[in-house]
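The values are calculated or read from the model by the stated rules, or taken from the named source; none is laboratory data. Just so it is clear, the model here is predicted, and its values are computed rather than measured. Cβ coordinates were reconstructed from backbone atoms using ideal geometry, including for glycine residues, and neighbour counts include every protein chain displayed.
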Amino acid sequence: MDNTQNASNPSSGFSLTETVEGLWIRYARQIVIVAAVIVLAIAAWFAWKTVAARADEAANRKLGAIYVELREENYPAAEQALTAFLAEGPSGVAADKANLYLGKTYFLQQRYDEAIAAYGAVRKRGKDLALLHAGALHGLAASHMQKGQYAEAVTALTELVGTYGVRTGAPQENLAGQEAVDFAPNVPNALWKLALCQRELGRTDDAKATAERLTRAYPGSREARDAAKLLAIL
């Protein structure tokens, strides 16, 4: 059989005898287009990252100035600035920070319904941003407690403790190099509030269990001392 007769497969549309130069000539346009698309995509990604970083920096500057107003108890000014900031349509972490600050602003003015709405707008994020969501859940629970809505407060506090609390009081949690650390520092206070709410709802057994966990997991804390007193009267 003449091997040259099988050097190509007419039905495939691709000749095995084509040279590299021939392939380049044939597909050069497609290769150039694909390469250009990739370069443009990379350039667009870097440009977006640059714009996003600048926007985050500007947002943080604004929020920092607003926080000063809040810390100095200038609540009307803080509220006005935060409302204007949110009206600009910020996204991501900036919006969550603004809503957290706004919730605190309302809470400190005893405007609990508005505080609940603001705290509720803070979204759950990764454990590296636990302070935002845990702070919002804590403020949400405190606002509900002020309104006597203990069941709603229990819901928020249970989520806070379940999501960001690690310590249970087990002995191995204190072993050197294996210490258990919560993802948010307000977990002990959340447990204390949870025990109080459970007591208000007549859930005495749950209140005891929560207080006992608090005394085991956080011995020496103010909340643990308060929990020990609560246990004595339950």
Among the residues of the stretch 196-218, count how many are closer than 23 Å to Val181 by Cβ and not charged (D, E, K, R).
-> 7
Is there a residue being within 17 Å of Leu157 (Cα to Cα), modelled with pLDDT of 95 or more and buried (at least 23 other Cβ atoms within 10 Å of the Cβ) anywhere in the stretch 105-114?
-> no
Residue set Ser15, Ser91; condition in contact with a strand residue (DSSP E or B) (Cβ under 6 Å, 6 or more places away or on another chain) and either at pLDDT below 70 or of a type outside the set (D, E, K, R) (or both); output residue Ser15
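Is it true that some residue in the stretch 57-65 is of a type in the set (Asp, Glu), at pLDDT below 90, part of a helix (DSSP H, G or I) and over 21 Å from Ala156 (Cα atoms)?
From the stretch 57-65, those of a type in the set (Asp, Glu) are 57; that's our starting set.
With the extra rule that they be at pLDDT below 90, the set shrinks to 57.
Filter once more, keeping what is part of a helix (DSSP H, G or I): 57.
Next, only the ones that are over 21 Å from Ala156 (Cα atoms) stay: 57.
Checked against the condition, which is being of a type in the set (Asp, Glu), at pLDDT below 90, part of a helix (DSSP H, G or I) and over 21 Å from Ala156 (Cα atoms), the stretch 57-65 yields at least one hit.
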Say we look at the stretch 142-153 and pick out the residues that are of a type in the set (A, V, I, L, M) and closer than 18 Å to Gly202 by Cα; which of these is surrounded by the most Cβ atoms within 10 Å (Cβ to Cβ)?
-> Ala153
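If you scan the stretch 141-169, which residues turn out to be closer than 21 Å to Ala228 by Cα and either in contact (Cβ under 8 Å) with a residue 24 or more places away in the chain or not in a loop (DSSP other than H, G, I, E, B) (or both)? Walk me through it before giving the result.
Start the filter on the stretch 141-169 by keeping residues that are closer than 21 Å to Ala228 by Cα, which leaves 154, 157-158, 161, 165-169.
Hits for the stretch 141-169 are Val154, Leu157, Thr158, Val161, Gly165, Arg167, Thr168, Gly169.
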Is it true that some residue in the stretch 179-190 is on the phi < 0 side of the Ramachandran plot and more than 23 Å from the chain's Cα centre (by Cα)?
-> yes
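Criterion first (over 17 Å from Leu82 (Cα atoms), aliphatic (A, V, I, L, M), surrounded by 22 or more Cβ atoms within 10 Å (Cβ to Cβ) and in contact (Cβ under 8 Å) with a residue 40 or more places away in the chain) does Ala136 satisfy it?
Numbers: over 17 Å from Leu82 (Cα atoms): no; aliphatic (A, V, I, L, M): yes; surrounded by 22 or more Cβ atoms within 10 Å (Cβ to Cβ): yes; in contact (Cβ under 8 Å) with a residue 40 or more places away in the chain: yes.
Answer is no for this residue.
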Could you list, in sequence order, the residues of the stretch 123-142 that are within 8 Å of the chain's Cα centre (by Cα) and either modelled with pLDDT of 95 or more or under 10 Å from Leu100 (Cβ atoms) (or both)?
-> Leu131, Leu132, His133
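Give the residues of the stretch 93-127 that are under 16 Å from Asn74 (Cβ atoms) and outside any helix (DSSP H, G or I), sorted by residue number.
We begin by selecting, within the stretch 93-127, every residue under 16 Å from Asn74 (Cβ atoms); these are 101-102, 104-109, 111.
Matches in the stretch 93-127: Gln109, Arg111.
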Would you confirm whether any residue within the stretch 193-203 is of a type in the set (D, E, K, R), farther than 22 Å from Ala224 by Cβ, over 15 Å from the mean Cα position of the chain (by Cα) and at pLDDT 95 or above?
-> no
